[in-house]
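Participant: Here it is, the structure, as structure tokens.
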Amino acid sequence: MLLENYLCSIVLIVLGLYAIITKKNAFKIVIGMGLVDYGINLMLVSAGFRVNGTAPIFDAPTQTQYFFVDPVPQALTLTSIVIGACVTALALSLVVKIKEHYGTLDTDKVRRLNG
Amino acid sequence: MTNHLPIIAIQVLFLGAFISGLVGYKSNSLRKFVIFLATGTSLVLTLMLFKPVMMEGQIISYWMGNWVPVSDWAIGIGLEVDQLSLFFGLIVTVTVFLGAIYSFKYMSKDNGQDKYYVVFMMLAGSVLGFVFTGDLFNMYVMIEIMTFAAVGLTAFRNHKAESIEAAFKYLVVGSIGSSLILLGTVVMYAQFKTLNLAQITALLNNAQHTPVILFAFALMIGGYAVKAFIVPCHVVAPDAYAAAPSSVSMLFSGIVNKAGIYGMIRLVFVVFASMNLPSMQFLLVFLGTITMFIGVTMALAQSDFKRLLAFHSISQIGYVLTAIGLSTILGLTGGLYHALNHTLFKGLLFLCAGAVLYSTGTTDLNKLGGLAKKMPQTAGLFLVGAFAISGIPPFNGFVSKWLVYQGTFAKSMETNNPGYVFVTIVALIVSVMTLASFIKVTQSVFFGQLPKEFENAEEVPLSMRIPMWILAALCLVAGILPTAVIDYLIKPAVLAIKSAGNYVAVMMGQEYATKIYTEGIAIPKYDYAMAGWNPTSWLILFGVLLIAFALVALTGGFNPRHIVGAENNNAKFDVFFSGEAAEHSHVAGNDLFWGLKHNLKGYFHFMHDVHNGVVNDYALMVVSTTALVMLYLFLLVK
């Protein structure tokens, strides 16, 4: 089960990078950036997973046996998701502005700065 | 009390961001007061750390919420300020303080200033947090906030298409870099189940470098190479530097790429302790050498003031990387010294570019000219910066460049490897080309003929000149007192780089460290000799030359002959035109060094095609660089 998670996350990251590198539409580049983020988040939350582990909550003060999944990566994943959402929002607002200024989203035409 | 200083210094900057956002829209002066107070307090707090850390050699650790390690296992987030962190922390707070003062007047023509200062302070706080933190994930969060704020500031003048375009490219490439860093962090966590840098250092010290660790290492090197704008991940840097307001460009070259360099040093020297391997040294020196060479040749071909400075910024980071890649005491001293100097003189140059933009409204080298008559102070300060970056004594650039030359040469003597002599030669050539391109800027902006449209240009206000004067003074001080700078700033930082054991001992406890470092914590001997560098005599020589120049000028030695009747045919295209004062035949930026550019046009056309402005290609360059670094590490580093 964990192996599939890792494979899926790598596939997502590679697909995201593929989209960023090959797609000429600025909007699709933003989608690619999102995919990379999702892949990393999946890998992050899988890194803390333990088979048959329970949620990391102390339910009773008398409880002596614990077999938790690692809670730290879950906290990190939340942080990373929030950052990812912010990146997407900022990127999309820039895409809107690019459309206003250049009248196109084609990255081959948005290249006034070169050389 | 001292323990709390770093966290307060960071919080003050973030608090300044939020408070200026809350109250700033009501009144301009209140907002300026808040910003001044916040940046000033942060500077004072960091300076208060100077005595205990730099002079007494303490390392300050602070556990957030007092989550100290339980049974040798770090759980909480810790701050750890060693001498290296404080060295970069001082660079950050000084730059931010001066940048904020400069912004007050410089940004007064723009609207939306309340938002500007919020993002400005976020940038400042995040970089300070980045250099002070002792936690791998915290490093990622801080550098992501930094990228975010930097993108926001690049896009600040969003009525210009160039700003938006640069910001979008910077965001795409920068977030690939951040993603690489995060992926590396995840892999490290999966291996070691801890995020504390000190503990990872300790665990790695005894662990085999498995392929998984090398994978994480390569990802992080790629990520921080993007953040430090190392060739070939540099392509978005000139766009962003040129499009951002000048006070922000100063922060970009002063602290944003320094953050990348800091991350690189922290990882390769302390955490992974990999710099005793010749193959790692070669990797950094190689990257540094191509960075300085490509940066400076691209700068020669530019016709925009700020874009040219941006390429120089990349080139100077190449010097820093080459020097620290040598991994000798001399090399590290030169590298850190140059990092400090680069912040000072490049900050000064960007502020001068901002002053020119403020007075004339353009930074196009082909339109400007003769501004020295209208803006004498800016011209003089620019000359100081240009001398410093070109490595002319007695300014600071000379000292650090000399250390770099000497370090590379000594390295080649040590290892019997003639390749390092080649690096010395490249460094010398790059320095000459730096001087050449600054002759071009000085000539085409400040000297020559004043175009008619700039006849009303005026000197910039005092509050913009004060930061420039301070930076110029610091340039001179760092040039004539190199031994003091090295003793009080550089030497402790270099020793901190070289002794990872202390870093672990302070954070995780002495007992833990002795368990890991069974052979004891070695403190390297610090010895260096600066051959043939006597600042006092150079200062005297400089003074004598200045007086001689002034005497000749006063006796009329430089008065050109006036030639009448050159209105019709523009004299600048004649074979001999120098020394003639023909009307409106200003030698513009593109007129200089065209012979060089013509003879090497193959190279220049190729480089122009590489910087083609298509964001997909830029992303490809970053990804393939990381892939190559990964391949290199897997093949050559055992």
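Participant: Across region A:81-94, what is the total count of residues that are within 12 Å of B:Ala155 (Cβ to Cβ) and surrounded by fewer than 19 Cβ atoms within 10 Å (Cβ to Cβ)? Outline the logic, then answer.
Facilitator: The initial filter retains those residues of region A:81-94 that are within 12 Å of B:Ala155 (Cβ to Cβ), namely A:90-91, A:93-94.
Checking which are surrounded by fewer than 19 Cβ atoms within 10 Å (Cβ to Cβ) leaves us with A:93.
Counting residues in region A:81-94 that are within 12 Å of B:Ala155 (Cβ to Cβ) and surrounded by fewer than 19 Cβ atoms within 10 Å (Cβ to Cβ) gives 1.
Participant: Scan region B:1-28 and report the pairs whose first residue is part of a loop (DSSP other than H, G, I, E, B) and whose second residue is of a type in the set (A, V, I, L, M), with Cβ atoms within less than 9 Å and a gap of 6+ or a chain change.
Facilitator: Within 9 Å, the pairs are B:Gly24/B:Leu30; B:Gly24/B:Val34; B:Gly24/B:Ile35; B:Gly24/B:Val118.
Participant: The conditions are (1) at pLDDT 85 or above; (2) more than 14 Å from chain B (Cβ to nearest Cβ); (3) in contact with a strand residue (DSSP E or B) (Cβ under 9 Å, 6 or more places away or on another chain), and A:Leu7 fails exactly one of them. Which is it?
Facilitator: Among (1) at pLDDT 85 or above; (2) more than 14 Å from chain B (Cβ to nearest Cβ); (3) in contact with a strand residue (DSSP E or B) (Cβ under 9 Å, 6 or more places away or on another chain), the lone unmet condition for A:Leu7 is (3).
Participant: Checking the condition in contact with a Leu (Cβ under 7 Å, 6 or more places away or on another chain), hydrophobic (A, V, I, L, M, F, W, C) and either within 30 Å of B:Val494 (Cα to Cα) or not in a helix (DSSP H, G or I) (or both), which residue from B:Val92, B:Val68, B:Val44 passes?
Facilitator: Values: B:Val68 fails: in contact with a Leu (Cβ under 7 Å, 6 or more places away or on another chain); B:Val44 fails: in contact with a Leu (Cβ under 7 Å, 6 or more places away or on another chain).
Unique residue meeting the criteria: B:Val92.
Participant: Do you know which residues across region A:93-115 are part of a loop (DSSP other than H, G, I, E, B), in contact (Cβ under 8 Å) with a residue 24 or more places away in the chain and within 8 Å of chain B (Cβ to nearest Cβ)? If you could, list the steps in order and put the result at the bottom.
Facilitator: So in region A:93-115, the residues part of a loop (DSSP other than H, G, I, E, B) come out as A:103-105, A:107-115.
Filter once more, so that each one left must be in contact (Cβ under 8 Å) with a residue 24 or more places away in the chain: A:105, A:107-108, A:110.
Across region A:93-115, the qualifying residues are A:Thr107, A:Asp108, A:Val110.
Participant: Taking region A:64-75 on its own, how many of its residues are within 30 Å of B:Met188 (Cβ to Cβ) and either in contact with a Leu (Cβ under 6 Å, 6 or more places away or on another chain) or not in a helix (DSSP H, G or I) (or both)? Even if it seems obvious, please write down each step before you answer.
Facilitator: Of region A:64-75, the ones within 30 Å of B:Met188 (Cβ to Cβ) are A:65-75.
Those still in the list that are either in contact with a Leu (Cβ under 6 Å, 6 or more places away or on another chain) or not in a helix (DSSP H, G or I) (or both) too: A:65-70, A:73.
Within region A:64-75, residues that are within 30 Å of B:Met188 (Cβ to Cβ) and either in contact with a Leu (Cβ under 6 Å, 6 or more places away or on another chain) or not in a helix (DSSP H, G or I) (or both) number 7.
Participant: Which members of region A:63-92 meet the condition of being among the polar types (S, T, N, Q) and facing chain B (nearest Cβ under 9 Å)? Don't jump to the end; show me each part of the working.
Facilitator: First pass over region A:63-92, keeping only residues among the polar types (S, T, N, Q): A:63-65, A:74, A:77, A:79-80, A:88.
Residues satisfying the conditions are A:Thr79, A:Ser80.
Participant: Tell me, which helices (runs of 4 or more DSSP H) wholly within region B:593-638 include 2 or more residues that are closer than 26 Å to A:Thr22 by Cα and within 13 Å of chain A (Cβ to nearest Cβ)?
Facilitator: Working: elements: B:594-599, B:601-610, B:615-636.
In region B:593-638, B:601-610, B:615-636 are the helices (runs of 4 or more DSSP H) which contain 2 or more residues that are closer than 26 Å to A:Thr22 by Cα and within 13 Å of chain A (Cβ to nearest Cβ).
Participant: Picking from B:Ile145, B:Ile176, B:Ile101, B:Ile164, which residue would you name as being surrounded by fewer than 24 Cβ atoms within 10 Å (Cβ to Cβ) and within 22 Å of A:Ile20 (Cβ to Cβ)? I'd like the intermediate steps shown before the answer.
Facilitator: On the way: B:Ile176 fails: surrounded by fewer than 24 Cβ atoms within 10 Å (Cβ to Cβ); B:Ile101 fails: within 22 Å of A:Ile20 (Cβ to Cβ); B:Ile164 fails: surrounded by fewer than 24 Cβ atoms within 10 Å (Cβ to Cβ).
Step by step, each of B:Ile145, B:Ile176, B:Ile101, B:Ile164 is checked, and only B:Ile145 is surrounded by fewer than 24 Cβ atoms within 10 Å (Cβ to Cβ) and within 22 Å of A:Ile20 (Cβ to Cβ).
Participant: Scanning region B:398-414 for residues that are of a type in the set (A, V, I, L, M) and more than 24 Å from the chain's Cα centre (by Cα), which turns out nearest to B:Val426 (Cα to Cα)? Explain how you work it out, then say what you get.
Facilitator: Initial filter on region B:398-414 (of a type in the set (A, V, I, L, M)): B:399, B:403-404, B:410, B:413.
Filter once more, keeping what is more than 24 Å from the chain's Cα centre (by Cα): B:410, B:413.
Numbers: B:Ala410: 15, B:Met413: 17 Å.
Selected residue: B:Ala410.
Participant: Among the residues of region B:271-291, is any closer than 30 Å to B:Lys115 by Cβ and buried (at least 24 other Cβ atoms within 10 Å of the Cβ)?
Facilitator: No - not one qualifying residue is present in region B:271-291.
Participant: Ok, one more. Could you please let me know if B:Leu351 is modelled with pLDDT of 90 or more and either more than 21 Å from B:Ala427 (Cα to Cα) or out of contact with any strand residue (DSSP E or B) (no Cβ under 6 Å at 6 or more places or on another chain) (or both)? Let's see the steps before the verdict.
Facilitator: Values: modelled with pLDDT of 90 or more: yes; either more than 21 Å from B:Ala427 (Cα to Cα) or out of contact with any strand residue (DSSP E or B) (no Cβ under 6 Å at 6 or more places or on another chain) (or both): yes.
When the stated conditions are applied, B:Leu351 passes them.
Participant: Looking only at residues in region B:152-185 that are of a type in the set (D, E, K, R), part of a helix (DSSP H, G or I) and over 22 Å from the mean Cα position of the chain (by Cα), which one is modelled with the lowest pLDDT? Lay out the reasoning, then the answer.
Facilitator: Of the residues in region B:152-185, the ones of a type in the set (D, E, K, R) are B:157, B:160, B:162, B:165, B:169.
Now drop any that are not part of a helix (DSSP H, G or I), which leaves B:162, B:165, B:169.
Restricting the remaining residues to those that are over 22 Å from the mean Cα position of the chain (by Cα) gives B:162, B:165.
Details: B:Glu162: 90, B:Glu165: 93.
Checking each candidate, the answer is B:Glu162.
Participant: Would it be correct to say that A:Asp37 is acidic (Asp, Glu) and part of a loop (DSSP other than H, G, I, E, B)? Quick ask: steps written out before the conclusion?
Facilitator: Details: acidic (Asp, Glu): yes; part of a loop (DSSP other than H, G, I, E, B): no.
No; evaluated as a whole, the condition is false for this residue.
Participant: Hey, B:His234 hits all of (1) buried (at least 24 other Cβ atoms within 10 Å of the Cβ); (2) part of a helix (DSSP H, G or I) but one; which does it fall short on?
Facilitator: (2)
Participant: Ok, one more. Out of (1) farther than 15 Å from B:Gly260 by Cβ; (2) among the aliphatic types (A, V, I, L, M); (3) more than 8 Å from chain A (Cβ to nearest Cβ), what's the single condition that is false for B:Ala167?
Facilitator: Here B:Ala167 meets the rest and fails (3).
Participant: Report, by residue number, each residue of region B:1-24 that is buried (at least 16 other Cβ atoms within 10 Å of the Cβ), touching a strand residue (DSSP E or B) at 6+ places or on another chain (Cβ under 9 Å) and not hydrophobic (A, V, I, L, M, F, W, C).
Facilitator: Result: B:Pro6, single match.
Participant: Identify all residues within region B:185-208 that are of a type in the set (Gly, Ala, Ser), more than 10 Å from chain A (Cβ to nearest Cβ) and surrounded by fewer than 24 Cβ atoms within 10 Å (Cβ to Cβ); write none if there are none.
Facilitator: Of all residues in region B:185-208, those of a type in the set (Gly, Ala, Ser) come to B:190, B:198, B:202, B:207.
Those still in the list that are more than 10 Å from chain A (Cβ to nearest Cβ) too: B:198, B:202, B:207.
Residue satisfying the conditions is B:Ala207 alone.
The values are calculated or read from the model by the stated rules, or taken from the named source; none is laboratory data. The structure displayed is predicted, hence computed values, not measured ones. Reconstructed Cβ throughout: ideal geometry from the backbone, glycine too, with neighbour counts over all protein chains shown.
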